[in-house]
Protein chains: 2
Amino acid sequence: MEVINKYVTIKSPIDGVPKESDFELKNEPFSLLVKRGSKAIIIKNLYVSMDPYLVNLMKTKSTLGRGIAPGEVINSYGVGKVVASGNPRFSKGDYVVGNISWGEYSISKGFNLTKLDPMNLPLSYHIGVLGLSGLTAYAGFFDICKPKRGEKVKLLKEKLGFDEAFNYKEESDLNLALKRCFPNGIDIYFDNVGAEMLEAAISNMNLYGRVAVCGAISEYTDSGKHAKLDMLSVIYKRINIQGFITYDYMSLFPEFVSKTVDYIRMGKMHVLEDVSIGVESVPSAFVGVFHGNNVGKKIVKISDD
Amino acid sequence: MEVINKYVTIKSPIDGVPKESDFELKNEPFSLLVKRGSKAIIIKNLYVSMDPYLVNLMKTKSTLGRGIAPGEVINSYGVGKVVASGNPRFSKGDYVVGNISWGEYSISKGFNLTKLDPMNLPLSYHIGVLGLSGLTAYAGFFDICKPKRGEKVKLLKEKLGFDEAFNYKEESDLNLALKRCFPNGIDIYFDNVGAEMLEAAISNMNLYGRVAVCGAISEYTDSGKHAKLDMLSVIYKRINIQGFITYDYMSLFPEFVSKTVDYIRMGKMHVLEDVSIGVESVPSAFVGVFHGNNVGKKIVKISDD
């Protein structure tokens, strides 16, 4: 049984802000059968995640030590369904979550792949709110930032809403924006932006403020752009800055999923997703996150179940 | 009993690198007697510390929220001898360490002042190796950086010497200098310099590297100069950066002094001091630390015991 697998790849390394024309759709014959003796898993991809950090793997010189070559399949976090399996951990019909590809089908050795119980929730939830993005927020907030009594947690817990919000791309003075939204200063800052946003956060932090950093989207596409930290503030406010990678916190996954599912079911957590349809939409969906086009977790739905 | 007290002050706020001409010596009538009912302590100053952070108090807009006005007495860490006391905690003839002034005599209410047991060691030791500078190193290294087995600690313990050294002011490429001195990367970086030196340290750090920051001398005298941190390195290497102030660690003082005195007596710790003589030498001594003129802890000896 062979199909034509459509997948998205890069035409050449990307060193600035990615453009749709940096990507191309390729067609490749793809076998839906597992060879005798192979432990491969053949997956029909259903949803894939649009994660900005992937651009770091697409550069001429990857920051992460490994990179994506032009023409190559691009691995991505996603949800799929097993079509065939030579691996005893997975059977045909199983839902899986983890490392799949920006294409219609994936072939996996089972690394970074987990059998998924959808728990009567939309499959897409397992990419965003119940996936790596959710775990990033959970681990970063509870394990790195370690909120203390009084640090706005009560509000977060009781309302799970926001007090104030602003769009960092639309503020002419980020410092003033933060002073307006946080007149009593900031205890915890969860950074995914870097550069001027991080600088403004440091300026507005309180004594013993904590910064968890797991992304720096404004620095990904401009290698000369860096957060110019005011070290005098860091010193005198005893600020702690901790870089982290969500993969370090995989052991928290069961606890995180169980709590988050409860919150969703009780209606205490609202899920906001921004879904594009079809593998052809991957390039525009991915490029869009660098321009803030998405409202909520950006996902591409590759196929119906 | 009245004397003429010579003391050093600033002529006007200092916003760049301090120059000797920014300072002046003043003469002021000074009573060596404590008024009836007063709890004041009159101190003959013996040694004062030259600490670069003081320049932050001399700026037009002090970074620390309090500042030194032109003409005002400048407080400084130092060692002195009590001449007269209305305070029951101190008696005439006691040695004291703590907050005294850049002058020949100080008057104190006893805040940040401790009775000193010289322990048969040179009085100057109680400013540097056994004073706040020493505590800064001790607390920063053991409490903030938390060295682990294998992280070069054995060497520090057994030899208390250095493997490699370089002068950051004389290296054309700090990145290369660090690669040369630390071919296996850096686990712990104790920052007192900031800017390019901190940037190079971050570039050369290992996974889970820790940075303790309690000074940023290269940023004190240039308000536009900041460490441009590569947040991608901070994230992917899970680097932790912690600002701190030595005053937070005063509770460690007894433990620190007792261990350090043992090391000095066993000849396992070597003390390097750079001493200028006389209150008149304070301006050149202070200015000198910004040019790296000192070799060892910079101290001014105001008077013989």
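Look at segment A:1-45 and say how many of its residues are of a type in the set (V, I, T), over 22 Å from the mean Cα position of the chain (by Cα) and under 21 Å from A:L113 (Cβ atoms).
4
Right, A:G110: closer than 17 Å to A:F286 by Cα, in a loop (DSSP other than H, G, I, E, B), among the small types (G, A, S) and at pLDDT below 95 or not?
Taking the combined requirement at face value, the residue does not satisfy it.
What single numbered condition from (1) more than 8 Å from chain B (Cβ to nearest Cβ); (2) open to solvent by less than 20 Å² (accessible area, probe 1.4 Å); (3) under 30 Å from A:I14 (Cα atoms) fails to hold for A:T260?
(3)
Does A:S76 satisfy the criteria of being over 30 Å from A:D191 (Cα atoms), away from chain B (no Cβ under 14 Å) and buried (at least 20 other Cβ atoms within 10 Å of the Cβ)?
no
Here is a yes/no grid of residues against (1) touching a Phe, Trp or Tyr at 6+ places or on another chain (Cβ under 9 Å); (2) open to solvent by less than 10 Å² (accessible area, probe 1.4 Å); (3) among the small types (G, A, S):
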| position | (1), (2), (3) |
| --- | --- |
| B:R36 | no, no, no |
| B:K44 | yes, no, no |
| B:V55 | yes, yes, no |
| B:M58 | no, yes, no |
| B:P88 | no, no, no |
| B:N99 | yes, no, no |
| B:G103 | yes, yes, yes |
| B:I127 | yes, yes, no |
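Answer yes or no as to whether A:S258 is in the same structural domain as A:F23 (by TED's automatic domain parsing) and either within 18 Å of A:P122 (Cα to Cα) or outside any strand (DSSP E or B) (or both).
No, not satisfied.
Quickly run through segment A:27-64 and pick out the residues that are in contact (Cβ under 8 Å) with a residue 24 or more places away in the chain, in contact with a Lys or Arg (Cβ under 7 Å, 6 or more places away or on another chain) and closer than 17 Å to A:G278 by Cβ.
A:K44, A:L46, A:Y47, A:M50 - these are the residues of segment A:27-64 that are in contact (Cβ under 8 Å) with a residue 24 or more places away in the chain, in contact with a Lys or Arg (Cβ under 7 Å, 6 or more places away or on another chain) and closer than 17 Å to A:G278 by Cβ.
Consider B:G224 carefully, then state whether it is at pLDDT 90 or above and not assigned by TED's automatic domain parsing to the domain that holds B:M50.
no
State which residue is most open to solvent (accessible area, probe 1.4 Å) when the search covers only segment B:60-73 and only residues that are at pLDDT 90 or above and among the aliphatic types (A, V, I, L, M).
Looking at residues that are at pLDDT 90 or above and among the aliphatic types (A, V, I, L, M), I get B:V73.
Pairs, please: C-beta under 6 Å, at least 6 apart or cross-chain, first residue basic (K, R) and in segment B:90-115, second surrounded by fewer than 24 Cβ atoms within 10 Å (Cβ to Cβ) and part of a loop (DSSP other than H, G, I, E, B)?
Pairs that qualify, where the first residue is basic (K, R) and the partner is surrounded by fewer than 24 Cβ atoms within 10 Å (Cβ to Cβ) and part of a loop (DSSP other than H, G, I, E, B), are B:K115/B:D94.
Residues to consider are A:L207, A:L232; find the one that is within 23 Å of B:E196 (Cβ to Cβ) and either facing chain B (nearest Cβ under 10 Å) or open to solvent by 10 Å² or more (accessible area, probe 1.4 Å) (or both).
Answer to the selection: A:L232.
Out of all the residues in segment B:175-184, which are free of Cβ contacts under 8 Å to residues at least 24 places away in the same chain and open to solvent by 10 Å² or more (accessible area, probe 1.4 Å)?
Passing the criteria: B:L176, B:R180, B:C181, B:F182, B:P183, B:N184.
Could you go through segment A:47-68 and let me know if any residue there is small (G, A, S) and not in a loop (DSSP other than H, G, I, E, B). So that I can check it myself, show each step before the final result.
To start, the set of residues in segment A:47-68 that are small (G, A, S) comprises A:49, A:62, A:65, A:67.
Among the residues that remain, those that are also not in a loop (DSSP other than H, G, I, E, B) are: A:49.
Yes: segment A:47-68 contains one or more residues that are small (G, A, S) and not in a loop (DSSP other than H, G, I, E, B).
Provide a single number: the residues in segment A:240-257 that are open to solvent by less than 60 Å² (accessible area, probe 1.4 Å) and more than 12 Å from chain B (Cβ to nearest Cβ).
The number of residues fulfilling the criteria is 4.
With respect to A:K237, determine if the residue is in contact with a strand residue (DSSP E or B) (Cβ under 7 Å, 6 or more places away or on another chain), free of Cβ contacts under 8 Å to residues at least 60 places away in the same chain, within 14 Å of another protein chain (Cβ to nearest Cβ) and over 17 Å from A:I127 (Cβ atoms).
Values: in contact with a strand residue (DSSP E or B) (Cβ under 7 Å, 6 or more places away or on another chain): yes; free of Cβ contacts under 8 Å to residues at least 60 places away in the same chain: yes; within 14 Å of another protein chain (Cβ to nearest Cβ): yes; over 17 Å from A:I127 (Cβ atoms): yes.
It is true that A:K237 is in contact with a strand residue (DSSP E or B) (Cβ under 7 Å, 6 or more places away or on another chain), free of Cβ contacts under 8 Å to residues at least 60 places away in the same chain, within 14 Å of another protein chain (Cβ to nearest Cβ) and over 17 Å from A:I127 (Cβ atoms).
Output the residue which, of all residues in segment A:210-229 that are part of a helix (DSSP H, G or I) and of a type outside the set (D, E, K, R), is nearest to the other protein chains (Cβ to nearest Cβ).
In this case the residue turns out to be A:Y220.
The values are calculated or read from the model by the stated rules, or taken from the named source; none is laboratory data. None of these values were measured; they are calculated from a predicted model. Because the Cβ atoms are built from the backbone with ideal geometry, glycine has one as well, and the counts that use them run over all protein chains shown. Accessible surface is based on the protein model in full, side chains and every heavy atom, while ligands, DNA and RNA are left aside. Shrake-Rupley method; radii C 1.70, N 1.55, O 1.52, S 1.80 Å.
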